[in-house]
1. Of everything in the stretch 93-148, what is under 23 Å from L39 (Cα atoms) and small (G, A, S)? Give them in sequence order.
2. Any residue in the stretch 27-43 that's closer than 14 Å to Y150 by Cα and in contact (Cβ under 8 Å) with a residue 40 or more places away in the chain: show its pairings with residues that are outside any helix (DSSP H, G or I) and of a type in the set (G, A, S) at Cβ separation under 8 Å, as long as the two are six or more apart or on different chains.
3. Quickly run through the stretch 137-155 and pick out the residues that are touching a residue at least 60 places away in the same chain (Cβ under 8 Å), under 23 Å from I83 (Cβ atoms) and outside any helix (DSSP H, G or I).
4. Could you please give the count of residues in the stretch 44-57 that are without any contact (Cβ under 8 Å) to a residue 60 or more places away in the chain and under 20 Å from the mean Cα position of the chain (by Cα)?
5. Restricting to the stretch 71-116, name every residue that is touching a residue at least 60 places away in the same chain (Cβ under 8 Å) and either more than 23 Å from M47 (Cβ to Cβ) or surrounded by fewer than 16 Cβ atoms within 10 Å (Cβ to Cβ) (or both).
6. Only one of these is touching a Leu at 6+ places or on another chain (Cβ under 8 Å), over 22 Å from K29 (Cβ atoms) and modelled with pLDDT of 95 or more: I83, I62. Name it.
7. Output the residue which, of all residues in the stretch 117-151 that are of a type in the set (D, E) and farther than 18 Å from E92 by Cβ, is surrounded by the most Cβ atoms within 10 Å (Cβ to Cβ).
8. Say whether the condition of being closer than 11 Å to M47 by Cβ, assigned to a helix (DSSP H, G or I), out of contact with any Lys or Arg (no Cβ under 8 Å at 6 or more places or on another chain) and touching a residue at least 12 places away in the same chain (Cβ under 8 Å) is met by at least one residue in the stretch 128-136.
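The values are calculated or read from the model by the stated rules, or taken from the named source; none is laboratory data. If you're wondering where the values come from, they're calculated on a predicted model, not measured in any experiment. Here Cβ is always computed from backbone atoms with ideal geometry, including for glycine, and neighbour counts include all displayed protein chains.
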Amino acid sequence: MLLGLALSKPNSQPNQSSKAIRKDLEEWKKQMKTTHRALTRGAILEMPIKDWESDEDRQYAIRKYTHLGFDYDGAAAAKAKHIADMNQHLNELDNLLHSEESANKWGRSMDDILLIPDLRTLTAVKGLQWPKKVKAYVEKSCRDAGVSLYTEHAV
């Protein structure tokens, strides 16, 4: 899905730029990772995804991540703080994106392939304030890739 996304424009050809990974975007992902996990690890289990159709599958994921140290109750209790933190991260990303089309001026690249899944997963979280450019970026990218957002099911 996402490799096709990077080259979904007519006549798109891979080039050296399409392999680039910007250090500022890599740092942004690193900075927001803990907050992203706290907000999405429980929320994604509530989405209408085949992987989570059965209670057994959801319980398996909960046991797995609890065993690895994730605290679902703690994350839920601190949701307001995590939302405030993520809103700040999203505002930072708004300044890093080149446009509503791509992270970089030359078009879609590996940077987009690495950003879009995290942003799509965040659409499972109710209460985030999406900056205009970031919102348009994730909506257009997912639409172009033929995948839906979780917005209508957000918790």
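1. A124, G127, A136, S141, S148
2. Listed pairs, sorted by first residue: T40/A124; A43/A124; A43/A154.
3. Of everything in the stretch 137-155, those that are touching a residue at least 60 places away in the same chain (Cβ under 8 Å), under 23 Å from I83 (Cβ atoms) and outside any helix (DSSP H, G or I) turn out to be Y150, A154, V155.
4. 5
5. E92, L96, A103, N104, W106, G107, R108, S109, M110, D111, listed by residue number.
6. None of the other options fit; the residue is I62.
7. Let us first name the residues in the stretch 117-151 that are of a type in the set (D, E), namely 118, 139, 144.
Of the ones still in play, those that are also farther than 18 Å from E92 by Cβ are 139, 144.
Values: E139: 17, D144: 15.
Among residues in the stretch 117-151 that are of a type in the set (D, E) and farther than 18 Å from E92 by Cβ, the one surrounded by the most Cβ atoms within 10 Å (Cβ to Cβ) is E139.
8. no
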